[in-house]
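Before any comments, here is the structure.
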Amino acid sequence: MAGIRACTLCAPRFAATASAHRPRPVPWFAPDAAARILIAGQAPGMQVHQKGRPFDDPSGVRLRDWMGVDAATFWDRTRIAVLPMAFCFPGYDAQGADLPPPPICAATWRARVLAALPPVRLTLLIGAYAQRWHLNTRAPLTATVAGWRAHAPAIFPLPHPSWRNTAWLTRNPWFAAETLPALRQAVREALHDG
Ligand code: SF4
């Protein structure tokens, strides 16, 4: 998928943001390897935009803890593929939060990339955008995540591991108590069985 790395479809959109950045797609998958896990994320943040590696930021530290994997495993593209709903950092809104992923990215690339990948054993749907696309739902994020048992163990809808969701994690203690142990078991089985 060399076309993704060269993609500049959103250049005018990004140039109009406060950061006036250029597209820097961060695809993270190995088409010829049968990754066991797919992480369907939202979009790179500024740190990932600068470093070029997905979840190479505090969100990634929390996500690896949720999954129970070390950094070497997490960034091994032959074992874990990371396909956000947009491959580039979208920029910031007026409040300094990340803008939503540009829909044109999933419309252009997502189905093609997923079709090119061998089937995975476990899919993590991080955030409402990935959940809407993969589950065809309009339900609020909390309701979707609370309904994780309807999708497990093949799919886990999750909140974004951003610090911005720390209050959500406090308000929803069942997530750490019930969802995360099941997620870690599903990750272990996906990576190590068979
Ligand atoms: S976000 Fe997606 S569609 Fe937009 S420039 Fe980046 S790779 Fe292309």
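Just so you know, all these numbers are worked out from the coordinates, no wet-lab data involved. Source: prediction; values computed, not measured. With ideal geometry, Cβ positions are generated from the backbone for all residues, glycine too; neighbour counts draw on all protein chains shown.
Past the 14 angstrom mark, what percentage of all C-alpha to C-alpha distances in the range 11-78 do you count? Intermediate results must be reported in sequence, preceding the final value.
Details: 1467 of 2278 pairs.
Everything past 14 Å amounts to 64 percent.
Have a look at PRO153, ALA71, HIS134 and report the one farthest towards the positive end of the charge dipole of the chain, computed about the Cα centre with Cβ charges (Lys/Arg +1, Asp/Glu -1).
Among PRO153, ALA71, HIS134, the one farthest towards the positive end of the dipole of the chain is HIS134.
Given the rule -39500 (n - 2.57) for each run of at least 4 DSSP H residues, summed and divided by the residues of the chain, what is its mean residue ellipticity at 222 nm, to the nearest 500 deg cm²/dmol?
Values: 10 runs with 68 residues, N = 194.
Helix-only estimate at 222 nm: -8500 deg cm²/dmol.
For ALA143 and ALA116, calculate 0.36 nm times their separation in residues minus their Cα-Cα distance, and state this gained length in nm to one decimal.
Values: separation 27, 0.36 × 27 = 9.72 nm, distance 3.11 nm.
Difference between extended and current length: 6.6 nm.
Mind telling me which of LEU83, LEU99, LEU141 comes out most flexible in a GNM of the chain, alpha-carbon contacts under 10 Å?
LEU99
Students often get this wrong: which residues of the range 121-155 have the backbone nitrogen under 11 Å from the point 7 angstrom along Cα-to-C-beta of TRP174?
In the range 121-155, the label zone of TRP174 (backbone N under 11 Å from the point 7 Å along Cα→Cβ) covers 143-149.
Counting just the Cα atoms, what span does the range 2-192 cover along each of its three principal axes? Round to the nearest Å and put the largest first.
43, 40, 31
Apply the Karplus parameterisation 6.51 cos²θ - 1.76 cosθ + 1.60, with θ equal to phi minus 60°, to every residue of the range 111-117 and state each ³J(HN,Hα) to the nearest whole Hz, in sequence, with x for glycine and proline.
Using θ = phi - 60°, the values come out as 4, 5, 5, 4, 5, 7, 8 Hz.
What does the extension gain come out to for LEU99 and ALA182, with contour length at 0.36 nm per residue minus their alpha carbon separation? Intermediate results must be reported in sequence, preceding the final value.
Working: separation 83, 0.36 × 83 = 29.88 nm, distance 3.10 nm.
Taking 0.36 nm per residue and subtracting the Cα distance, the gain is 26.8 nm.
Roughly what would the spin-label model give for LYS51 and ALA33, points 7 Å off Cα along C-beta, in nm?
Label at LYS51, label at ALA33, 1.8 nm between them.
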